[in-house]
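K.L.:
Just dropping this structure here.
Every read-out reported here was derived from the displayed coordinates using simple, explicitly stated rules and does not represent laboratory data. Keep in mind that what you see is a predicted model, and the values were worked out from it rather than measured. No Cβ is skipped: glycine too gets one built from the backbone with ideal geometry, and neighbour counts run over all protein chains shown.
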Amino acid sequence: MAITTRVVARPTGEASYVRATFKGLALSFKHLVDPHKVTVQYPEEKWDIGPRWRGTHRMLTTEDGTAKCVACGLCPTVCPANCIKLVPGVDAQGNRYPVVFEIDEFRCIFCGYCQEVCPEEAIHVGRHYENAEMDRKDFVYDLARLTAQTHPVCEMWDPADPKGE
Amino acid sequence: MMHSLSFLLQVANPQLPPTMGMFVLMGLVKAGAAFGIYMLCVAYTTLAERRVAAWIQDRLGPNRVGPEGFLQPIADGIKNFMKEEALPDGASKALFIMAPAIAFVPAMLTWAVIPFASPLPVPGVGLVDMVVADLPVGFLFTLAISSLGVYGITIAGWSSNNKYALLGGLRASAQMISYEIAMGMSTVCVLLLAGNVNLNEVVAQQGAQGWNVLLLTLAFFMFAVAALAETNRVPFDLPEAESELIAGYHAEYSSMRYSMFPLAEYANVITSSSLMVTLFFGGWDIPFTTWDNLPPWTITKTLLTMALYVSKVMFFVFFFIWLRWTVPRFRYDQLMSLGWKVLLPMALVYITVVASLLLGLDAAGVARTGWAFRGAMLGMNVVFVVLVFWVLDRGRLISPAYSRVERERLARMRAVADRGDLLSGKGA
């Protein structure tokens, strides 16, 4: 490519230095005294997160406190990140239940497919994001930890019509 | 007993200069106190810079360490001391280690000759000048020492053995030498008015005659621009220029050694502000009254004048910070042509006019403290301010790269450019 010279036609007629600087100073002073600051003081103040926020998982329970999960295997199948580990089992009454149900929150991409595919409304992504840990292995949530979560869940669906009927 | 006591008290009359021994002692006390306060001010200027920057950008700034971030400078200091010091393999070791100190010391030395309050009568000691060293060559000393500051930066840039650092150091030396001249020239007018280079005398003159900023606004303007360039702050921060030179001269520095450079910059800001206040805003003088300029000196006077001096300096420190977060950086050619083609000729013309006016007024027998003298100076000042800020500061670009192109050459360049586009197939 040939080297070309571009000569910019600058607006010399309107140019000024001192007056323009004073104008700029006035502008930045306006911002200096303006009480409108955009910073959110994080640990004390928090943004309201939307009803469709997809964060840390939560497993809902039945009235007797056991997980709603019937170990159908849909969520590990649909999971694009392959982060759900499910080992199904059958109890004395012949009901299927999860023997092992683990979600690796590090692998999870928070797509929310597990919640969408779940026929029992058991597994949910939650409206929650403060899930830092000191150890990598603590990011693998087992069933006890998933059921112990109390944060509100993502409203991918209309709460008035949970089964989509 | 009583007789000897009264004799001692007579010797130590608080309205008279102290004896030699007391003078040395008070000098040490003043130096120690001034050093401590100055370092504290430098530390807190860093906090002021960060918070003002944040407010201007609609943020909040550091407000977590202590109430409203008040302990932030201490936390920063501890952090910097704890960090690892990197010493580049290719660096010239002795100079590399020395450079931060060389950059820092001149700023502080300069401040030593600036008077910060009216003399303090100390019972049993005598009248103590509120200046660390009341040098008879005061102002010349500040010029001499502040031009040493460039060595720290240039040596830092060179000894790092890094291209960017070297470029930063070179830019710093070119810039500081260029603006040193404009700075010196702009203050010649002040010295013409004061008739003395002792800064205490300059303050006294302004107390009697009115602040120099009213009589010599243009000199103040030029001094402020040159001082900005001397402190290497935006819009003249080309030596660091993070967008082009990474961090310029201190690219290779880390830990407390790095930290010395920002500290030197803030020390320079405080010193430049103090100089502006002393030379143009009456120093510790309280305006609209001569009560504070005349003996008998009292502690109240000292405290009041010191408070006023501090608030004036704080305003200018704030102004430096305010300007930094307002204007963009100059290009290198603009910087050079502003210094050599605008400020220097302007200062020379200004000196000539001011000197002629002073000579004329003195020959006509106009008293320097009278209203006629002030009126004449003020009139000259208004003419200059209108001329420079309204007439000359219009329709001009400070840029040799632009202004040197003549019309025919421009046409030729455009023709070549078009042909280049055609050859590369873009013009079709």
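K.L.:
In region B:59-166, which GluC sites (Glu not before Pro) fall in coil by DSSP and have 14 or fewer other Cβ atoms within 10 Å?
P.N.:
Sparse-neighbourhood loop GluC sites (Glu not before Pro): B:Glu84, B:Glu85.
K.L.:
Under a GNM of chain B (C-alpha, springs under 10 Å), which listed residue has the highest mean-square fluctuation: B:Gly138, B:Gly248, B:Gly126?
P.N.:
B:Gly126
K.L.:
Using a Cα-Cα cut-off of under 18 Å, which aspartates and glutamates could be cross-linked to B:Lys30, ignoring same-chain neighbours fewer than 8 residues away?
P.N.:
Partners within reach: B:Asp129, B:Asp134.
K.L.:
Which one, B:Gln205, B:Ile246, B:Ser186, projects farthest toward the positive side of the charge dipole computed for chain B from Cβ point charges (K/R +1, D/E -1)?
P.N.:
B:Ile246
K.L.:
Residues with beta-carbon under 12 Å from that of B:Pro115, excluding B:Pro115: net charge, scoring Lys, Arg +1 and Asp, Glu -1?
P.N.:
-3
K.L.:
Under a 5 Å amide H to amide H cut-off, with H placed in plane at 1.01 Å, what residues pair with B:Arg396 once short-range neighbours are removed?
P.N.:
A:Ala15
K.L.:
Then there is this: Once Lys and Arg get +1 and Asp and Glu get -1 on their Cβ, which of B:Leu378, B:Val388, B:Leu95 lies farthest toward the positive end of the dipole of chain B?
P.N.:
Of B:Leu378, B:Val388, B:Leu95, it is B:Val388.
K.L.:
Per 20 Å bin, what percent of the C-alpha pairs of the protein assembly as shown does each bin hold, from zero upward?
P.N.:
Reading upward from the zero bin: 15, 35, 26, 17, 7, 1.
K.L.:
May I pose another question? By a straight-distance test (C-alpha under 18 Å), which lysines pair with A:Lys46 as possible cross-link partners, with residues fewer than eight away in the same chain excluded?
P.N.:
Reachable lysines: A:Lys37.
K.L.:
Would you please give the residues with an amide H less than 5 Å from that of A:Val153, counting only those at least 5 places away or on a separate chain, with H modeled from the backbone geometry?
P.N.:
Hits under the 5 Å cutoff: A:Arg127.
K.L.:
Can you sort B:Glu230, B:Glu201 from fewest to most other Cβ atoms within 10 Å of each residue's own Cβ?
P.N.:
With the sparsest Cβ surroundings first, the list reads B:Glu201, B:Glu230.
K.L.:
What does the C-alpha gyration tensor say about the overall shape of region A:55-148? Classify as rounded when a/c is under 1.5, otherwise prolate if a/b is larger than b/c, or oblate.
P.N.:
Prolate, because a/c is 1.5 or more and a/b exceeds b/c.
K.L.:
With the Cα gyration tensor of chain B giving a ≥ b ≥ c as the square roots of its eigenvalues, does the rule (a/c under 1.5 for rounded; else a/b larger than b/c for prolate; else oblate) give rounded, prolate or oblate?
P.N.:
oblate
K.L.:
With N set to the number of residues, divide the alpha-carbon radius of gyration of region B:135-236 by 2.2 N^0.38 Å and report two decimals.
P.N.:
Compared with the compact-globule rule of thumb, region B:135-236 sits at 1.26.
K.L.:
For chain B, modelled as a Gaussian network with Cα springs under 10 Å, which listed residue fluctuates most, B:Ala227, B:Ala107, B:Ala208?
P.N.:
Ranking B:Ala227, B:Ala107, B:Ala208 by mean-square fluctuation puts B:Ala208 first.
K.L.:
Could you tell me the distance between the Cα centroids of region B:279-314 and region A:70-95, to the nearest Å?
P.N.:
82
K.L.:
Pull up all non-local amide H partners of A:Val140: gap of 5 or more, or a different chain, and H-to-H distance under 5 Å with H placed in the peptide plane.
P.N.:
Here the answer is A:Glu105, since their amide H atoms fall under 5 Å of that of A:Val140.
K.L.:
Now for a different question. For region B:270-351, just say rounded, prolate or oblate: build the C-alpha gyration tensor, square-root its eigenvalues into a ≥ b ≥ c, call rounded for a/c under 1.5, and beyond that prolate if a/b exceeds b/c, oblate if not.
P.N.:
Oblate shape, in that a/c is at least 1.5 and b/c is the bigger or equal ratio.
K.L.:
Tell me, how many Å apart are the Cα centres for region B:63-84 and for region B:339-362?
P.N.:
With region B:63-84 and region B:339-362 each reduced to a Cα centre, they are spaced 47 Å.
K.L.:
Could you derive backbone 3J(HN,Hα) for region B:259-264 from the dihedral phi with the Karplus parameters 6.51, -1.76 and 1.60 (θ = phi - 60°), listing whole Hz in sequence and x where the residue is Gly or Pro?
P.N.:
Using θ = phi - 60°, the values come out as 4, 4, 5, x, 4, 4 Hz.
K.L.:
If you don't mind, there's one more thing I want to ask. How large is ³J(HN,Hα), in whole Hz, for each residue of region A:66-74 in order, when computed from phi with the Karplus curve 6.51 cos²θ - 1.76 cosθ + 1.60 and θ = phi - 60°, using x for Gly and Pro?
P.N.:
8, 5, 6, 4, 10, 6, 6, x, 6
K.L.:
Return the single residue from A:Pro51, A:Pro43, A:Pro88 with maximal mean-square fluctuation; model: Gaussian network over chain A, springs between Cα atoms under 10 Å.
P.N.:
Looking only at A:Pro51, A:Pro43, A:Pro88, the largest GNM fluctuation is found for A:Pro43.
K.L.:
What are the ³J(HN,Hα) values, in whole Hz, obtained from phi via the Karplus relation 6.51 cos²θ - 1.76 cosθ + 1.60 with θ = phi - 60°, for each residue of region B:222-230 in sequence order, with x given for Gly and Pro?
P.N.:
Once rounded to whole Hz, the list reads 5, 5, 5, 5, 5, 5, 4, 5, 5.
K.L.:
A follow-up question, please. Once you charge only the Cβ atoms, +1 for Lys and Arg and -1 for Asp and Glu, what is the size of the charge dipole of region A:35-165 about its Cα centre, to the nearest 20 debye?
P.N.:
340
K.L.:
Sticking with this one: Excluding same-chain residues fewer than 8 positions from B:Lys93, which lysines have a Cα within less than 23 Å of its Cα?
P.N.:
Within the straight-line cut-off, B:Lys93 pairs with B:Lys83, B:Lys163.
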